[in-house]
Each structure stands twice: as C-alpha cells, then as structure tokens.
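Okay, so here's the structure we're looking at.
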Amino acid sequence: MSMILNQDQKDLVALAKEFMEKEVKPHIYELDEKGEFPLELYKKGFELGFHSMDMEEKYGGVGLDYNTISFVLEELAKVDAGFAVSLTLNGLAFSCIAEYGSEEQKKSVSERMAPGGFMTFALTEADSGSNAGALRCSYTRDGDDYIINGPKTFITNGKYGDIHVVFATANPEAGVRGISAFIVEKERAGIQIGKEENKMGLRLSNTCDLFFDNVRVPAANLIGKEGLGFKLAMSALDKGRIFCAAMATGIAQGAFEDCIEYSKLRKPFGAPIATHQAVQFILADMAIQIEAARTVTHNAAFLAQSGAKYSKEAAIAKTFASDMAMNVTTDAVQIFGGYGYSREYPVEKRMRDAKIFQIFEGTNQIQRQIIANAILR
Ligand SMILES: Cc1cc2nc3c(=O)[nH]c(=O)nc-3n(C[C@H](O)[C@H](O)[C@H](O)COP(=O)(O)OP(=O)(O)OC[C@H]3O[C@@H](n4cnc5c(N)ncnc54)[C@H](O)[C@@H]3O)c2cc1C
C-alpha cells in the first residue's frame, strides 16, 4: 500500500490480515459454494472488535476514525467482501443512533451490541430501492407505543439481526417527510424472517426479507423525531459509501495480488506471462486504478472525519471504487485465462463479489445523479 499509515493503523491492518488469512480464508471456498453464513467465525471477529469499529469507546466500541476503518475494511474485503459487509452493516445502522438518537438509546443499543451481535438497516422494499422515499412500510401511534407494519427486502444480516433500524412512514402521501426511523429489538412480537437471497456474490453474508406484522415498540424507540427518518438514512448512507469504496478497493487489491503471483508462474510459451507487455500493461492499469480508488476513498473519509461536507466525495469514491473493482476483477479473470473462469481459482469469486458494490447503498446511476446535482447546484 502506497499510503503512509501510522503505527496503530499498521497494527490494526496486520491484525485484520492475520485473522482473515488464518480463520476465514481456509473455509471460504466451501462457504461460498454453500452460501453459508459462518456465525462462529463472525463471533471470532466480534472478539477483535471488527463489528464495532466506529462505535465510540465510551459506548464500548473500538472508536476508530473513518480513515483507519477504511484501511481495516480494505484488508477484510481483500480476503472476503461478504464477511466485511456483514460486519460493517452494524456501523451503518448504529450511525443512525449515534448521530440522531438519545443518550438512552445510544447506551442501551451499544450495551447490547458492543460485546457482539448484528444490526440491520431496514430501508429497501420491493418497490422502493433507488426511490427509497416511496417506501410503504407504515407506522401508527398507539398511546405510548408505535406500531409498525409492512415488508422490507434485501436486508443484510436480516436473519441474524439483534437490533433492526427500521424506516417506516406515517403517511405515504407525505413523501420523504412522512418517514421516521425506529429501533426494533429482535424480541418484539411480530417480526417475521422471510426469503433468504441466493446471491451471485457476498455469499458469506446474509440477505433476506423481513416482515413487520403489527410490531409494537415503545415511543422511546423513535430515533430523533418523527419525519426525520429519510434525512437520517441518507446521512448514514453517505458514510456507508466511504466504507463501500474501501471494501471495493480491497476486492480489487486481492485480485491484483493474485494476478501478480499467477503471471509470474504461468508459462504457456515457456516464459512467464508477466514478461509479455500486453499482460504488464493490464497489471499497470490495475495498479493505477486501485491507487486512484484508495485516494478518493481516503479523501472522502478525511472530509467526513473533519466534519466537512462530504456527500459528493463519498458518492465519487463509491462510484469510482466499485466501477474500478468490476474492471480490475474482470481483467483478473482474463489474466488467469480459462482458469480464471473456473471456481477452483479465486478471481471469479472476486468478480462476483465486486458487482454488488455498483448496486447497493445507492446504485452507481443514483450516485452519478448525486454528483451531478452537487456540481450543478
Ligand atoms: C446483497 C444486497 C444487500 C443489500 N443490503 C441492504 C440493506 O442492508 N438494507 C437496505 O435497505 N437495502 C439493502 N439492499 C438493497 C439495495 O440498496 C437496492 O437493491 C438498491 O438500492 C437498488 O434498488 P433496486 O434493487 O430496487 O433497483 P431499482 O431502484 O429498481 O433500479 C433498477 C435500475 O434502474 C436504475 N435507476 C433507478 N432509478 C433511476 C434514476 N432515477 N436514474 C437513473 N437510473 C435509475 C438503477 O440504477 C438500476 O440500474 C441490498 C441489496 C443487495 C442485492
């Protein structure tokens, strides 16, 4: 890595590397084939704090800054992006509470999550993905409670979520102003776990439908105030996009390292393919793209950490890094030739994992819209 890391960052990256190489990597082929969620491995990750990297220390988390988290996420995703995504979803969900929640909410959620567990960010519905403001999951006030009703789809960690951050509307006609966010603990009666997705990639991560059937939560579980939900979701996603960019960079870095090793060994005409300029230039282009993605990612992370506006830069980082990861992993398959297309070699998985980063947390078309709006404002 060409960036200068301080000693703490180096130590954390080394810890992430050792954990992923020793604990997770040996099982990836089988877990990816089966699409299995390795709960016991996640629990080992909890012991090292990978699920609470951005939770403040006073709440029992690790309390890292955004640049350091990005370095660690890159390292986790270099080995398995699905594993990294499930862990980072906790940060996405908790940031809604950290930014807009009451002190009571921060304490009660962190007390439960800091020792280990999963959170979900339940925004998407079957007919409201890119257009999240059109969601239909509803809530009504009933005395000292709120009652939540409706389906959510594609929810990461859905089956294993201990605490769900659920976005619902009081009145679909009110558009985004009708949306509020609620903390819904898994014990609340009426939470149904629906279909689990059989996905192209991220197969070590769980993605499923959830249904909230008259789920009653105390009024104290409302995050911030009524009508704040959409703003809160968009703010969390800004931050999440930086972490998406870091993970996409990690996928590409992993593919790049695979290619360097393979191109020095593979000798179809008696000499390593790395001696051909055509292959060298693909490797050089990979290095250029990865370095550029890492730079825009850390620029957005730095802005976010400094308290500056960073929505546009987070969208740029997410879009650039995920498009880059798709390009680099596709080229990696090319460098491996026929073996690149085989499941026995690692690069086709990286290509499958890379694709989702162009889609979730706002598709890259929506990101370009955000960037264009910011430029033309
Ligand atoms: C593995 C996985 C994990 C996920 N995890 C979560 C999660 O934890 N929580 C959560 O809430 N959601 C999650 N999602 C949902 C994800 O964020 C949505 O799938 C995504 O936002 C896109 O929404 P959609 O699938 O409805 O696509 P659509 O909105 O139907 O878009 C379809 C296509 O149309 C394009 N398009 C749509 N509108 C426009 C426009 N205005 N201009 C230009 N192009 C447009 C899109 O870019 C896309 O190419 C996850 C999805 C997956 C697959």
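Only the coordinates and a few stated rules stand behind these numbers; no lab work does. Treat the numbers as computed from the prediction; the structure is a model and nothing was measured. All Cβ positions, glycine included, derive from the backbone under ideal geometry; neighbour counts span all protein chains shown.
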- Query: Which lysines have a Cα lying under 19 Å from the Cα of residue 312, excluding residues fewer than 8 positions away in the same chain?
  - Reply: 231, 239
- Which whole number of Å³ per residue matches the convex hull of the alpha-carbon atoms in segment 175-327? 163 Å³
- Going fewest to most other Cβ atoms within 10 Å around each Cβ, 15, 39 line up as 39, 15
- With the 8 Å Cα cutoff and a minimum separation of six or more residues, the chain has a relative contact order in percent of 16 percent
- Query: Can you give me the relative contact order of segment 231-376 as a percent, contacts being Cα pairs under 8 Å and 6 or more apart?
  - Reply: 32 percent
- Message: At q = 0.10, 0.14 Å⁻¹, what log₁₀ I(q)/I(0) does the chain have when each alpha carbon counts as one equal point scatterer in the Debye sum?
- Response: -0.62, -1.18
- Item | Rg/Rh for segment 264-377, where both radii come from Cα atoms and Rh is the Kirkwood radius | 1.09
- Task: Using only the alpha carbon atoms of segment 194-275, find the Kirkwood hydrodynamic radius as the inverse mean reciprocal pair distance, in angstroms to one decimal.
- Result: 17.9 Å
- Taking 0.36 nm per residue of separation between residue 126 and residue 374 and subtracting their Cα-Cα distance, the length gained on full extension comes to 86.5 nm
- Task: Just check segment 118-228 against the gyration tensor rule for me: Cα atoms, a ≥ b ≥ c as the square roots of the eigenvalues, rounded for a/c under 1.5, and otherwise prolate or oblate depending on whether a/b exceeds b/c.
- Result: oblate
- Task: Please give the FRET efficiency for residue 58 paired with residue 265, using the beta carbon to beta carbon distance and R0 = 35 Å, rounded to the nearest 0.05.
- Result: 0.10
- Query: What is the Cα centroid distance between segment 340-377 and segment 15-61, reported in whole angstrom?
  - Reply: 23 Å
- How far is helix 277-306 tilted off the main Cα axis of the chain, in degrees rounded to 10, range 0 to 90? 30 degrees
- Item | Gain upon complete extension [residue 102, residue 25; 0.36 nm per residue less C-alpha separation] | 23.8 nm
- Item | At q = 0.12, 0.17, 0.25 Å⁻¹, base-10 log of I(q)/I(0) for segment 1-106 (Debye sum, equal scatterers on each alpha carbon) | -0.43, -0.81, -1.41
